[in-house]
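Report on one structure; see the data block that follows.
What follows is calculated from the coordinates using simple rules that are stated; it is not laboratory data. Just so you know, these numbers come straight off a predicted model, no measurement behind them. Positions of Cβ are generated from backbone atoms using ideal geometry, with glycine treated the same way; all protein chains shown enter the neighbour counts.
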Amino acid sequence: MTDAFRIVRTPAALTAAIAAWQRAGRRVAFVPTMGALHDGHLALVRLGLQHADACAASIFVNPKQFGPTEDLDRYPRDEAGDVEKLKGAGCTLLYAPSVATMYPPGFASHVRVAGLPDALCGRVRPGHFDGVATVVAKLLAAARADVAVFGEKDWQQLAIIRRMAADLDLGTQIIGCPIVRDADGLALSSRNAYLSADERARALALPRALADARTALLDGLPVAPALAMGLKSLKAAGFARTDYFELVDGATLASLGAVQPGARLMAAAVMGTTRLIDNLAV
Ligand code: PAF
């Protein structure tokens with residue numbers, strides 16, 4: 001079935017559009033985003049369509065997940081361009097609410113997942129994951145889709161959303177989509193647009209440090225020197241700050257002192273003024 005592309009801007013319209021698809025017997029995938037779409041987002045749409053017959057996406061730059069000194073104001077926005085990309089990937093419904101629609105006067109409810117947000121990014125971005133959990137809970141509650149797809153680049157976010165969706169009986173299956181990388185290995189991110197050509201070249205040290213640390217760990221190097229090696233190469237490449245370079249349990253995000261099944265290397269570091277994150281299964 002071919003659908004005409006539609007944009008809806010209220011939660012009620014999103015609920016109605018997806019419910020109409022479902023009443024017609026179609027499984028629906030939902031892809032929440034903050035826009036500035038790149039091939040990584042389009043991979044979420046394509047993966048969603050492998051699990052469903054129709055796909056809706058959302059674009060909402062969520063003020064609640066940005067800290068006071070973060071990049072809310074300069075976060076890239078291009079709804080018209082994003083619409084063309086969504087159409088090309090087979091998504092036929094866009095939910096693009098305003099901030100006032102999402103958080104009307106008097107809005108007073110927040111979702112906080114305990115534990116998982118305290119590690120990794122949560123240590124340097126206080127409140128960030130509460131903002132993510134709150135908006136994703138609202139989006140999933142309005143969409144009531146069969147599946148929702150999130151990228152594995154934001155591994156901690158994905159773990160938190162899985163926990164929340166299960167705890168709150170949101171009724172939508174959460175699917176993780178593998179990281180999409182440029183040909184040279186840099187993980188795709190809307191924030192890569194902030195990097196100068198020189199910073200972008202030096203940022204390649206991040207995926208390389210993760211890959212080298214994984215090789216070293218699999219060759220039997222103990223965890224501490226493998227992580228120290230990674231930190232050293234990020235510093236040498238000119239990262240201004242490394243927030244973490246850690247081996248964790250991929251489900252609990254607890255730090256690991258030895259490789260075990262499900263282990264994942266996680267890193268966040270700042271190149272120029274741009275904070276980049278990446279991760280790799282070990
Ligand atoms: O990953 C993102 O783009 C955002 O954190 C999300 C999940 C859309 C919530 O605003």
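Computed quantities for the displayed model
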quantity: Most mobile of Ala197, Ala89, Ala216 in a GNM of the chain (Cα contacts under 10 Å); calculated: Ala197
quantity: Stokes-Einstein D in µm²/s, Kirkwood radius over Cα pairs - the chain at 10 °C with 1.306 mPa s viscosity; calculated: 81 µm²/s
quantity: Sum of -39500 (n - 2.57) over DSSP H runs of 4+, divided by residues of the chain (222 nm, nearest 500); calculated: -12000 deg cm²/dmol
quantity: On Cα atoms only, tilt of 39-51 relative to the major axis of the chain in degrees; calculated: 60 degrees
quantity: Per-residue ³J(HN,Hα) for the stretch 106-121, Karplus 6.51 cos²θ - 1.76 cosθ + 1.60, θ = phi - 60°, Hz, x for Gly and Pro; calculated: x, 4, 9, 10, 9, 10, 10, 8, 7, x, 3, x, 6, 8, 6, 4
quantity: For the stretch 37-186, convex hull of alpha carbons as volume per residue, Å³; calculated: 131 Å³
quantity: Count, lysine Cα pairs under 29 Å in the chain, 8 or more residues apart or across chains; calculated: 11
quantity: Amide H contacts under 5 Å for Asp243, placed H, 5+ residues apart; calculated: Ala268, Ala269, Val270
quantity: Gyration tensor (alpha-carbon) shape descriptor, the stretch 8-78, a/c threshold 1.5; calculated: oblate
quantity: Long-range HN-HN contacts of Tyr95 with modeled amide H, under 5 Å; calculated: Val8, Ala57, Ser58, Ile59
quantity: Percentage relative contact order, the chain, counting C-alpha pairs under 8 Å, at least six apart; calculated: 17 percent
quantity: For peptides 252-262, 75-85, sequence by mean Cβ density within 10 Å, most packed first; calculated: 75-85, 252-262
